[in-house]
Structures are given as C-alpha cells and as structure tokens.
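Q: Let me give you the structure first, and then I'll get to my questions.
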Amino acid sequence: MVDLFKVMKALNNQINFFKLEVTPTLSDSLNIAVIIKLEPDFSEGNVSYNPDGTLNRAETKNTLGPHSGIAAHAAFFGRVMYDAKVFILTMGPPIADLALQQAQQISDAEELHLYSDRLFAGADTLGTAEVLRVGIEKIQQKMDIVFSGHRASDGETGQTGPQTAWKLGFTFLGNVISYSVDLETRTIRAKRLISLQGSPNVVEEVEAPLPVFISIDPTYKSNYNAVSQRLAFEKYQKEAIQRAQNFKDYLKVFNAKELGVDETLVGLPGSPTIVYKVERVPKSTATRRAEVIDGTDPEQIRKVVTKMKEALSAMVIK
Amino acid sequence: MTEKYRHLYVVIEHEDGEFLPVSFEMIGEARRLLDDFNSKYSLNEKVVAVILGHNIKDISKKLIEYGADVVIFADNPELKDIRNTIYTKVICQIAQDTKSLGEIQPEYAGEVKKPRYMFFAADSIGRHLSSTVLVELESGLASDINQLVIEDIEMSHQQKTGGKKETYEKTLKMYRPDFSGFLWTTILCLDNKNPAFQRDYHPQSCSIIPGVFEPLKPDSSREGKIIEFTPTIDEKDLKVKVLSRQIIKSVVDFDTPRTIVSFGRGIKENPEQNIRLIENLAKELNAEIGVTLPISKKPYSVNQALDSKYMIPDRVIGTSGHKTSAMLYVAVGVSGAMQHVWGMKDSGFVVAINPDEDAPIKDECDIFIKGRMEDVIPLLIEEIKKQIQIVEA
C-alpha cells in the first residue's frame with residue numbers, strides 16, 4: 001500500500017523546494033509580534049486561595065496567561081500559512097521569561113523580547129503600552145501584525161492591547177475570531193465577534209491594509225484544512241518544541257536604558273491611574289432569607305422540589 | 001475659579017439608531033452623580049451625551065428625556081459602521097472642541113479645554129474605544145466599574161505628590177470588582193503633582209458594566225441642548241472596510257429558559273463526575289447551565305468535550321458575563337462572590353447546594369441545601385422525576 005503520508009510529505013518538500021527557487025521579495029514576508037503576559041496560574045494544584053476567597057499570590061504559581069496563549073496560537077497560524085517570522089514580547093520581571101518560553105513553544109517564535117526594569121513596575125495600562133510601543137518600534141523589521149490576548153486573567157482590563165495599537169498608529173481590530181492575509185495586496189481579512197447587551201451576537205467581516213493590531217477573541221480558532229497546511233503545521237510545531245528547549249538562545253532582555261524609553265512615560269510616573277484602595281467586598285445585607293435544609297434527608301428534599309415546582313408554575317404538573 | 005476641565009461626557013452606544021440599555025444606564029448614573037456634585041460644589045456642570053452615527057439627529061432628544069443636559073451628535077455616512085479609528089478620532093475631536101464646550105454652559109466658555117469625566121460602556125465596542133480615546137487624550141481609564149463616588153481626597157503618594165500631602169478635588173472614585181469577586185478595588189485617575197514630572201490627567205474616565213446602574217424614567221418634558229458637531233473626516237482613518245455583518249445564535253441561551261443550573265469551584269473534588277451530575281440535573285429541569293467566572297478560567301482538567309462546552313466565558317453568570325432573571329436558579333457549589341451574585345440576584349426562586357453554611361450564597365437564596373452535591377443531586381433528581389414533568393415547547 002502506498003504510504004499516503006510519505007507521499008504528501010515528499011510533495012510538501014517539493015513545494016518548499018520550489019519556494020526556495022523563487023527569490024523572495026520583501027513584500028512576500030510577514031512579520032508578526034505577539035504581546036503576552038505572565039499571569040497567576042488558575043489551574044487546580046497551582047492556584048492557592050486565602051481562606052477568605054481571595055487569591056494567595058505568594059503561593060500561586062505563574063504561567064503564560066490563557067488569552068496570551070490564544071494570541072500565540074493566532075501567530076502560529078501566520079507562521080504555518082504565510083511562513084511568518086514571529087516575535088514574542090513581554091514586559092515583566094525576569095521570571096516572565098517562562099511565559100516567553102511557553103509562547104515560543106506554541107508559536108515557533110524566532111525572537112523573544114523581555115522588557116524588564118524596576119522603573120517599569122507599578123505601571124497601569126498606559127505606562128505598559130508605552131514600553132511595548134517602544135519595544136515594537138525598536139525591532140529592526142517592521143511589524144505587519146501585532147497580536148494581543150483578549151485580556152489578562154488577573155487584571156482583566158483588556159486595555160493594554162488597544163492602547164499599544166493606538167500608540168503605534170496601527171489599525172486596531174478587536175475580538176477577532178479568524179483571519180487571513182493576502183500577501184500580494186498586503187491586506188488582511190478578519191472576522192470579529194461583537195456581543196452587546198440585549199442584542200444577538202454579530203460576526204462582522206472586515207478588510208484592512210497591513211499593518212494592523214489584533215486583539216484576539218477567546219473563541220479564536222485556527223483551521224488547517226489543506227494537507228500541505230497540516231504538514232507545515234507539523235514541521236513548525238517540531239521546530240517550535242526544539243526552539244523552546246533552547247529558548248535562552250532566542251531571548252533578548254532590555255532594560256529601560258537599552259530600550260530608550262522616556263522614563264516619565266513609563267512605570268508609575270507614566271501611569272495616570274493608581275489603585276487607591278483594595279477592600280473586601282462588603283457583605284451585602286441578605287436579600288433573601290434562606291431556609292436551611294439537610295441535604296441528606298429525602299423527606300426534606302421532597303419539600304424542596306415541591307417548592308421548586310411552585311416557582312415554576314408555568315410548568316405542567318403531573 | 002478658572003477650571004480647564006468641566007462636565008461629564010457619556011459616550012452613547014446604539015445599533016442603527018436603537019439605543020443599547022447601557023446608554024440610558026450610564027446617563028442615569030451620570031445624572032445622579034452630577035446632581036450631587038453640583039449641589040455640593042455649587043456648580044452648574046452638565047451631563048453631555050456624545051453620539052456618533054448616520055441619520056441620528058432625530059433620536060438625540062431621547063437622551064435628554066433620560067437625563068442628559070446636552071447632546072452632541074456627529075452625523076456622517078462614514079460613521080454608520082462603528083470603526084475604532086474614525087470613532088476614536090471623532091470622539092477626541094468632540095472632547096477637545098472648545099466651541100461646543102463653550103456652548104454647553106456659556107458661563108464657563110473660553111476656559112474649558114476638556115471634559116472633567118468621561119463614561120464608556122464596558123462591552124465589545126466601548127472597552128476598546130475607551131482605551132484608544134484615552135491614549136489620544138493622554139489620560140487614565142478604569143475598566144468594568146460598578147460603583148462611582150465623587151469627593152475630595154487628601155493624600156500623599158510617593159510618585160503622584162512626591163510624598164507631600166496634597167488635596168485632589170472632585171476626584172472620581174471608580175470601584176471595580178476583581179477577578180475573584182471578593183475584592184473591590186478603587187481606581188483613581190490623578191494629576192501628577194510631583195514637581196519631578198508634573199502632568200495633568202483629565203478626563204478621569206471609566207468603562208461601566210452594562211446592567212449595573214438604573215436608568216431614569218424617561219421624562220418628555222425635560223429640556224436640554226442639542227448640538228451638532230461637524231467632524232473632520234480624514235481618508236487615512238477610513239482604512240477598515242466592513243464587508244458583512246451576520247447575526248449568529250449564541251450556543252448558550254440565558255434569556256429563554258425558565259431554569260438555570262450553575263456551578264462553581266465546589267465541583268473540585270471530582271470535577272468530571274460532578275459536571276455530569278449537574279448535566280443530569282439540568283436535563284431534568286430543562287435548564288441552561290451557567291458557571292462562575294473562576295470556572296471559565298479552566299481550573300480543572302476534565303475531558304476536552306466538557307471543557308470546551310462548559311468552562312467558557314460564554315457561560316459565565318456575573319459582572320463579567322450574563323445577567324439572568326430566571327424563574328428558578330439552582331446554584332451548585334457556588335460560594336456567592338459579589339460578581340456572581342450580581343448576575344443571578346434577579347432570579348425568581350433560588351436554591352443553593354453547598355456544604356458550607358458560611359458561604360455568602362446563603363444570603364442570596366431561598367433554600368439552602370446543606371450538603372455535598374454528590375449526595376444531594378441524586379436525591380433531587382429522583383424527586384424531580386416524581387414531581388415535575390417538563391413539557392417542551
């Protein structure tokens with residue numbers, strides 16, 4: 001029997017070979033950056049809560065934020081489909097290199113940039129966006145697409161992405177669930193999921209010239225339908241794993257000076273907002289008076305169900 | 001006194017002329033805040049609704065009925081679709097337009113440069129729009145707010161004041177629930193008074209969670225000013241083309257079912273088996289299944305099918321998800337964090353299943369079944385089968 005897989009693989013190599021024959025023009029290439037964040041790991045066994053229900057940050061492990069992970073997957077789609085060169089960028093403490101490594105393993109990134117300096121600490125989204133803007137503009141190649149996650153799972157503002165986009169002067173596309181690039185016309189087509197209070201969800205398809213900044217929706221999915229795409233997927237995935245094993249070879253760390261940021265625009269001085277107070281949510285006055293039932297007593301459960309039935313008066317009762 | 005910043009601007013959202021409820025909610029809260037503010041400081045600042053779109057002149061006056069003093073509208077065919085770049089530019093033009101700022105309240109004309117406060121909706125549109133607008137206006141933004149207070153604050157802050165005690169007048173205290181739902185964070189947007197890097201940060205701005213604030217009852221006798229603003233449209237801000245818009249049905253429906261069964265971290269002892277139990281309970285009650293915010297962060301590893309079906313943001317009931325007013329709400333292993341309670345408190349009849357009698361959910365339910373879900377749910381299912389027969393429509 002013919003080994004279909006081998007045939008496909010050979011075919012794919014030929015395609016790659018053919019590609020090499022063509023002198024790549026500059027406009028053929030695609031540069032993708034992803035901004036990511038190291039966040040508390042909310043998975044069971046890694047997360048720790050205080051007795052009052054708040055997060056115990058000291059005991060909780062850190063990991064690549066889940067939305068950052070989705071953004072890295074979106075970048076990998078560009079790697080597979082358009083042979084893009086991927087850059088992963090983050091601002092954070094030195095241990096944030098862990099998140100860069102995790103994102104490299106997803107995206108097969110060629111460069112990992114960590115912006116780390118005590119001066120950056122305490123920044124709000126505006127002060128963070130400034131560091132990321134300078135970082136992205138410092139890269140020698142011009143970025144065609146910059147991805148960010150939907151929002152961080154600890155801060156949950158979702159502001160850093162669009163704010164970085166605006167500072168870069170890139171067209172911002174939010175809530176993107178899929179995309180494709182036309183390398184010849186240098187345009188992108190993207191589908192966006194828009195959900196608004198009291199309205200049905202809408203999927204909007206848009207087209208824009210590159211460069212763009214995309215904040216990726218949590219429901220984003222990459223589709224690799226053609227066999228050649230799946231083969232490229234496997235090839236780059238292998239490469240990604242190898243690269244991530246030696247991620248330090250790809251890592252560049254920049255402090256404020258090396259980055260050349262204006263120190264009044266980053267960290268605390270560059271942050272309009274401050275956290276004034278963190279308090280426990282006051283216990284609201286009881287809105288209902290609960291009747292406490294022993295859950296192991298079938299007789300009491302029977303009464304509960306009777307009351308549930310009464311509440312659902314519109315239902316047909318046996 | 002000369003003040004460069006006055007008034008409260010509310011960025012209105014609508015879909016082809018139909019206002020989103022959050023627009024009226026924001027105006028209602030703005031009205032309440034500014035009425036207090038004006039009487040406390042003996043001022044006459046205004047609630048200004050800002051609306052962009054095409055063919056919207058006629059709908060503007062409705063915003064006055066709901067509590068706005070002034071409506072500034074920009075009507076242009078290029079504003080029909082909501083596109084971030086052009087919307088950001090036009091909103092910023094309006095916020096810095098000294099002519100309309102002068103018209104709003106002539107006694108302050110000439111001195112006012114920007115709004116004092118700005119509100120946006122915390123949804124798919126307002127979240128991003130607020131972010132980009134506030135970069136352009138070079139000021140601060142707090143997201144997902146559920147309480148607002150204006151007062152003078154005296155404080156010393158290493159960076160903001162250089163360690164000196166300073167008074168920040170008319171400061172907007174912006175409260176947001178954190179991801180756990182147990183903490184409430186107050187965010188302030190403050191000028192840098194530190195001589196080392198002095199800078200003004202106005203407007204003080206936030207995005208507001210839809211459904212949190214009450215709208216005012218519309219009053220058709222209310223009077224206000226309607227100002228047309230002619231935007232400057234630059235071709236380079238129109239790069240995005242909207243090719244199509246398609247309405248899709250959400251996989252999760254919290255609006256039609258009469259019963260919702262939701263679960264939280266209480267499933268942790270045996271997540272997969274417990275989710276199956278909850279599925280069975282929901283099936284017996286013909287209920288939709290909701291989750292708490294922590295569950296959407298996928299804290300447990302369960303099989304892929306259950307994971308992608310249930311541990312998703314689309315199912316979250318609470319401030320960062322949906323609000324329901326189901327006839328029957330069954331909360332299984334839900335502790336009752338504020339952010340979840342907000343999403344379910346309007347339900348008709350609430351039953352909680354929880355082994356911990358100190359859990360805050362006890363104050364939000366009609367019946368508190370004390371016990372482990374592993375023990376309680378099978379008994380419940382058995383009894384429901386005896387007593388309730390669901391007839392599907």
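The values are calculated or read from the model by the stated rules, or taken from the named source; none is laboratory data. Remember, it's a predicted structure, so these values are computed and weren't measured experimentally. A quick note on method: Cβ atoms are made from the backbone with ideal geometry, for glycine too, and the neighbour counts reach across all protein chains shown.
Q: Identify the single condition in (1) part of a helix (DSSP H, G or I); (2) among the polar types (S, T, N, Q); (3) buried (at least 19 other Cβ atoms within 10 Å of the Cβ) that A:Q237 does not satisfy, given that it satisfies every other one.
A: (3)
Q: In addition: Check whether at least one residue in region A:253-269 is assigned to a helix (DSSP H, G or I) and surrounded by 15 or more Cβ atoms within 10 Å (Cβ to Cβ), and report yes or no.
A: Yes, the conditions are met somewhere in region A:253-269.
Q: Take region B:69-100 and flag every residue that is closer than 21 Å to B:L243 by Cα, of a type in the set (S, T, N, Q) and free of Cβ contacts under 8 Å to residues at least 60 places away in the same chain.
A: Hit for region B:69-100 is B:T88, nothing else.
Q: Every residue in region B:339-376 that is facing chain A (nearest Cβ under 9 Å) and part of a helix (DSSP H, G or I), please.
A: B:Q339, B:V341, B:P360, B:I361, B:K362, B:D363, B:E364, B:M373, B:D375, B:V376
Q: Could you grab me the full set of residues in region B:307-323 that are at pLDDT 90 or above and under 18 Å from the mean Cα position of the chain (by Cα)?
A: Selection gives B:R315, B:V316, B:I317.
Q: May I ask you to say which residue of A:T219, A:T164, A:T185 is more than 7 Å from chain B (Cβ to nearest Cβ), among the β-branched types (V, I, T) and assigned to a helix (DSSP H, G or I)?
A: Going through A:T219, A:T164, A:T185 in turn, the sole match is A:T164.
Q: Could you check region B:105-124 and list, in sequence order, the residues that are aliphatic (A, V, I, L, M) and either free of Cβ contacts under 8 Å to residues at least 12 places away in the same chain or surrounded by fewer than 24 Cβ atoms within 10 Å (Cβ to Cβ) (or both)?
A: B:A109, B:V112 - these are the residues of region B:105-124 that are aliphatic (A, V, I, L, M) and either free of Cβ contacts under 8 Å to residues at least 12 places away in the same chain or surrounded by fewer than 24 Cβ atoms within 10 Å (Cβ to Cβ) (or both).
Q: How many residues does region B:305-338 hold that are free of Cβ contacts under 8 Å to residues at least 40 places away in the same chain and of a type in the set (D, E, K, R)?
A: 2
Q: Another one. Test each condition in (1) touching a helix residue (DSSP H, G or I) at 6+ places or on another chain (Cβ under 6 Å); (2) in a strand (DSSP E or B) for B:E154 and report the one that comes out false.
A: (1)
Q: Output the number of residues of region B:183-194 satisfying the condition of being at the interface with chain A (Cβ under 7 Å from one of its Cβ atoms) and surrounded by fewer than 21 Cβ atoms within 10 Å (Cβ to Cβ).
A: Residues flagged as at the interface with chain A (Cβ under 7 Å from one of its Cβ atoms) and surrounded by fewer than 21 Cβ atoms within 10 Å (Cβ to Cβ) within region B:183-194 amount to 4.
Q: Another one. Scanning for something in contact with a Phe, Trp or Tyr (Cβ under 8 Å, 6 or more places away or on another chain), within 14 Å of chain B (Cβ to nearest Cβ) and surrounded by 14 or more Cβ atoms within 10 Å (Cβ to Cβ), does region A:279-288 turn up at least one residue?
A: yes
Condition check ((1) in contact (Cβ under 8 Å) with a residue 60 or more places away in the chain; (2) buried (at least 24 other Cβ atoms within 10 Å of the Cβ)) across all residues:
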residue: B:H340; (1), (2): yes, yes
residue: B:K345; (1), (2): no, no
residue: B:V351; (1), (2): no, yes
residue: B:D356; (1), (2): no, no
residue: B:A359; (1), (2): no, no
residue: B:D363; (1), (2): no, no
residue: B:G371; (1), (2): no, no
residue: B:V376; (1), (2): no, yes
residue: B:L380; (1), (2): yes, yes
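Q: Quick one: how many residues across region B:186-243 are closer than 24 Å to B:H7 by Cβ and not assigned by TED's automatic domain parsing to the domain that holds B:K80?
A: Of the residues in region B:186-243, 0 are closer than 24 Å to B:H7 by Cβ and not assigned by TED's automatic domain parsing to the domain that holds B:K80.
Q: Sort out which residues of region B:158-180 are among the β-branched types (V, I, T), part of a loop (DSSP other than H, G, I, E, B) and surrounded by fewer than 19 Cβ atoms within 10 Å (Cβ to Cβ), and write them in order of number.
A: Hits for region B:158-180: nothing passes.
Q: Which one of these is closer than 20 Å to B:S143 by Cβ and under 22 Å from the mean Cα position of the chain (by Cα): A:L193, A:L251, A:L268?
A: Unique residue meeting the criteria: A:L193.
Q: Still on this structure, I have one more. Regarding region B:73-85, can at least one residue be identified that is under 20 Å from the mean Cα position of the chain (by Cα), within 14 Å of another protein chain (Cβ to nearest Cβ), closer than 30 Å to A:F213 by Cα and buried (at least 24 other Cβ atoms within 10 Å of the Cβ)?
A: So far as region B:73-85 goes, no, none of its residues is under 20 Å from the mean Cα position of the chain (by Cα), within 14 Å of another protein chain (Cβ to nearest Cβ), closer than 30 Å to A:F213 by Cα and buried (at least 24 other Cβ atoms within 10 Å of the Cβ).
Q: OK, next. Across region A:1-56, which residue is modelled with the highest pLDDT among those that are among the basic types (K, R) and surrounded by 12 or more Cβ atoms within 10 Å (Cβ to Cβ)?
A: A:K37
Q: While we're here: What's the number of the condition A:E207 fails, among (1) at pLDDT 95 or above; (2) surrounded by fewer than 18 Cβ atoms within 10 Å (Cβ to Cβ); (3) at the interface with chain B (Cβ under 10 Å from one of its Cβ atoms); (4) in contact with a Phe, Trp or Tyr (Cβ under 8 Å, 6 or more places away or on another chain)?
A: For A:E207, the exception is condition (4).
Q: Collect the residues in region B:309-338 that are at the interface with another protein chain (Cβ under 10 Å from one of its Cβ atoms), of a type outside the set (D, E) and under 18 Å from B:P299 (Cα atoms), keeping them in residue-number order.
A: B:I312, B:P313, B:S320, B:S335, B:G336, B:A337
Q: Quick one: in region A:270-291, of everything that is free of Cβ contacts under 8 Å to residues at least 60 places away in the same chain and not in a loop (DSSP other than H, G, I, E, B), which residue is nearest to A:P51 (Cα to Cα)?
A: The residue in question is A:E279.
Q: Within region B:382-392, take every residue that is at the interface with chain A (Cβ under 7 Å from one of its Cβ atoms) and at pLDDT below 90 and give me the one that is surrounded by the fewest Cβ atoms within 10 Å (Cβ to Cβ).
A: Applying the filter and picking the extreme gives B:V391.
Q: Give the residue that is farthest from B:S335 (Cα to Cα), with candidates limited to residues of region B:253-269 that are at pLDDT below 85 and surrounded by 18 or more Cβ atoms within 10 Å (Cβ to Cβ).
A: Step by step, filter region B:253-269, then rank; the result is B:P257.
Q: Taking the residues in region B:240-294 that are under 24 Å from the mean Cα position of the chain (by Cα) and among the hydroxyl-bearing types (S, T, Y) as candidates, determine which candidate is nearest to B:M327 (Cα to Cα).
A: Among those residues, the one meeting the criterion is B:T256.
Q: When both residues are 6+ apart or on different chains and their Cβ atoms are under 9 Å apart, which pairs have a first residue that lies in region A:141-159 and is more than 8 Å from chain B (Cβ to nearest Cβ), and a second that is outside any loop (DSSP other than H, G, I, E, B) and basic (K, R)?
A: A:Q141/A:K85; A:R151/B:R127
Q: Test B:V242 against the stated conditions and say whether it is surrounded by 14 or more Cβ atoms within 10 Å (Cβ to Cβ), modelled with pLDDT of 95 or more and facing chain A (nearest Cβ under 10 Å).
A: Spelling it out, B:V242 is indeed surrounded by 14 or more Cβ atoms within 10 Å (Cβ to Cβ), modelled with pLDDT of 95 or more and facing chain A (nearest Cβ under 10 Å).
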